Amino acid sequence: MQDLIAHASAAAGIEPEVAEKAIGAILAFLRKEGPKPDIDELFAFVPGAEAAVAAAEQGGAGVLGALMGLGGGLMGLAGRLAGLGLDMTQMEAVGREVFAYAGEKAGEERVRQVAAAIPGLSQFL
């Protein structure tokens, strides 16, 4: 997971701590929105994924949690990432890094399968 954090931080031009929170938010989004069996399988290949989700959910109790309440799906995720201070370009950079990392660990086909099951997500792959 530290490799992913470093790559996402560099790609988006953000601090590693922010990248870690953004990655957690993206993985929490996948956990919430994706089909459980497919997400379970994907996460089994991605070291640290469950811990990142747990950390994101703990951190979501305040302002970030309120942002998630503004809407679900990709809009809710975008609101949560914006709450971390990311602009759209940075959001896309972190997202690309997360999906590339997941593809390396779990296989591109698994990632495409998960993305296809979440409305609007496959356009970002």
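Among the residues of region 45-52, is any aromatic (Phe, Trp, Tyr), at pLDDT 95 or above and surrounded by fewer than 17 Cβ atoms within 10 Å (Cβ to Cβ)? Yes, region 45-52 has at least one match.
Looking at (1) in a loop (DSSP other than H, G, I, E, B); (2) at pLDDT below 95, which is the only condition Ile14 fails? Of everything listed in (1) in a loop (DSSP other than H, G, I, E, B); (2) at pLDDT below 95, Ile14 misses just condition (2).
Contact annotation: residue pairs with Cβ atoms under 6 Å, 6 or more positions apart or on different chains, pairing a residue in region 1-28 that is closer than 13 Å to Glu92 by Cβ with a partner that is buried (at least 17 other Cβ atoms within 10 Å of the Cβ) and of a type in the set (Asp, Glu), are Ala8/Glu97; Ala11/Glu97. Name the single residue that is modelled with the lowest pLDDT among those in region 67-125 being among the aliphatic types (A, V, I, L, M) and assigned to a loop (DSSP other than H, G, I, E, B). Result: Leu70.
The values are calculated or read from the model by the stated rules, or taken from the named source; none is laboratory data. Values in this document were obtained by computation on a predicted structure and should not be read as measured data. Reconstructed Cβ throughout: ideal geometry from the backbone, glycine too, with neighbour counts over all protein chains shown.
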